[in-house]
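Here is the structure we will look at, set down as structure tokens.
The values are calculated or read from the model by the stated rules, or taken from the named source; none is laboratory data. Bear in mind that the values here come from a model prediction, so they are computed numbers and not experimental data. Neighbour counts run over all protein chains shown; Cβ positions are idealised from the backbone, glycine included.
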Amino acid sequence: MSSTHGAAADSGSTSLPGLAEIADVGVDRIRGGYSRHLFDDADRTLRDWFTERASRLGLDVERDRNGNLWAWWGEPGPNAFVTGSHLDSVPGGGAFDGPLGIVSALEALGRLRDAGHRPARPVAVVAFAEEEGSRFGVACLGSRLLTGALHPDRARALRDEAGRSLAQVYADAGLDPAAIGPDPARLDMIGTFVELHVEQGRGLVDLDEPVALAASILGHGRWRIRFRGQGNHAGATPMQSRQDPMVAAAATIARIPDLALAVEGSRATVGRVSALPGGTNVIPSVVDCWLDARAATDDATNALLQSIRAAARDAAAVNACSVEITEESWSPTVRFPDDTRAAIGAHIAPRGQSVPALPSGAGHDAGILAAHIPSAMLFVRNPTGVSHAPEEFATADDCAAGIAALERVIRGET
Ligand code: GLV
Ligand code: MN
Ligand code: MN
């Protein structure tokens, strides 16, 4: 597809023709992989591609007031079967996380149409806005707004790195910022939601299987840890009299692996740090670290957070700095309902073979929707086991197995 974003990233995105169509959109020449963030050029190009691709299939595309895109097969109405995922990426992300679910959904619908299937329920493909939270910091922004898991006042006030508010960015995209927020009428229309996604670990590699269903999602949250010190001269300030927030941040980060290892099965990551003002010869006045912490139960995630909080306070005190921790998003542990998974699994493997069920360490819009409607996820094997990085991959054969499984699910459900 023509775009201003240059040649395709060096990934396996061409293993699926639909992904090949968008392989040059949002290529990140500095980080590698893709950077596609809410309403930036790449995201707008992908939204146009989605609209065009879905319209070619005869689907009716609409954008809801929260910025999510819906492509309807049949009149929107009650008990709809909805599938889809997201188009945005993390900074320097892979080609599959998000777009695979959308491309597979469109492909499955196209095949069902061509085969003359006439669904007895409305069917829709959804592209949720800002699942990764890479621009505004809140994961699953579009599905949280839809379900009311994020208060619209808080959403409107969110700011991106350039200081632009979500309200401004939505207004520039032609959406009414006053109208964002819970959409119970739309939510009530969804009877079942199924999200197909590339697996983000090695579960299917170890099982030697191409597809699985999701059993659960680790509870997780994001926090901004802000250390404040005294900005000063790197040469003129003796080591004994510094208030250096970078040292406090580094000391905290260095303790995080041991703190996470102390909470069974938990994970904690600082993937982003910024120093203000950010000069080589300047002791910073402020350092922000963003923490991503996850664990199998909400209590465990909280316990991990409390230990990191204490470590940050200690490190701040030792360095004569202050520290403030702000929650950016919180997603409780999700257990997908057994009956929905069994029903979906029976469509995929009708002769009684079982489809494996795997836990997910990654968050998904399906996890947000699961609190309201029967939801399930289909994972497609990722031979590298790597995700949120350019090495993320799925072979053409496994993508085909995922599409075939989704096609059987849609046929069986509708
Ligand atoms: C999304 O992929 C997340 O788990 O952060
Ligand atoms: Mn992701
Ligand atoms: Mn994803």
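Key figures
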{"quantity": "Residue list for segment 13-41, filter: modelled with pLDDT under 95, more than 16 Å from Gly92 (Cβ to Cβ) and not hydrophobic (A, V, I, L, M, F, W, C)", "calculated": "Thr14, Ser15, Pro17, Gly18"}
{"quantity": "Positions within segment 371-388 being under 24 Å from Asn79 (Cα atoms), more than 16 Å from ligand 2 (Cβ to nearest atom) and crowded, with 23+ Cβ neighbours inside 10 Å, in sequence order", "calculated": "Ser375, Ala376"}
{"quantity": "Residue within segment 182-192 that is in contact with a helix residue (DSSP H, G or I) (Cβ under 8 Å, 6 or more places away or on another chain) and either within 16 Å of ligand 2 (Cβ to nearest atom) or among the β-branched types (Val, Ile, Thr) (or both) present", "calculated": "yes"}
{"quantity": "Some residue of segment 190-204 being in a helix (DSSP H, G or I) and exposed (fewer than 13 other Cβ atoms within 10 Å of the Cβ)", "calculated": "no"}
{"quantity": "Residue within segment 346-360 that is closer than 29 Å to Val205 by Cα, away from ligand 1 (no atom under 16 Å from the Cβ), outside any loop (DSSP other than H, G, I, E, B) and of a type in the set (D, E, K, R) present", "calculated": "no"}
{"quantity": "Count of segment 95-132 residues which are touching a strand residue (DSSP E or B) at 6+ places or on another chain (Cβ under 7 Å), in a loop (DSSP other than H, G, I, E, B) and within 16 Å of ligand 3 (Cβ to nearest atom)", "calculated": "5"}
{"quantity": "Hits in segment 242-271 - residues which are exposed (fewer than 15 other Cβ atoms within 10 Å of the Cβ) and either among the charged types (D, E, K, R) or on the phi < 0 side of the Ramachandran plot (or both)", "calculated": "Ala254, Pro257, Asp258, Leu261, Ala262, Glu264, Gly271"}
{"quantity": "Counted residues, segment 46-94 - those being out of contact with any Phe, Trp or Tyr (no Cβ under 8 Å at 6 or more places or on another chain) and within 16 Å of ligand 3 (Cβ to nearest atom)", "calculated": "5"}
{"quantity": "Total residues in segment 363-403, condition within 26 Å of Ala80 (Cα to Cα), assigned to a loop (DSSP other than H, G, I, E, B) and within 13 Å of ligand 3 (Cβ to nearest atom)", "calculated": "2"}
{"quantity": "Qualifying positions in segment 251-274 - free of Cβ contacts under 8 Å to residues at least 40 places away in the same chain, among the aliphatic types (A, V, I, L, M) and over 17 Å from Gly361 (Cα atoms)", "calculated": "Ile253, Ala254, Val273"}
{"quantity": "Criterion violated by Ala396 - all others in (1) surrounded by fewer than 17 Cβ atoms within 10 Å (Cβ to Cβ); (2) in contact with a Pro (Cβ under 7 Å, 6 or more places away or on another chain); (3) touching a residue at least 40 places away in the same chain (Cβ under 8 Å); (4) outside the structural domain of Val270 (by TED's automatic domain parsing) satisfied", "calculated": "(2)"}
{"quantity": "Qualifying residue in segment 82-91 (condition: touching a residue at least 60 places away in the same chain (Cβ under 8 Å) and more than 21 Å from the chain's Cα centre (by Cα))", "calculated": "no"}
{"quantity": "Qualifying residue in segment 138-149 (condition: buried (at least 21 other Cβ atoms within 10 Å of the Cβ) and either among the aromatic types (Phe, Trp, Tyr) or not assigned by TED's automatic domain parsing to the domain that holds Ile348 (or both))", "calculated": "no"}
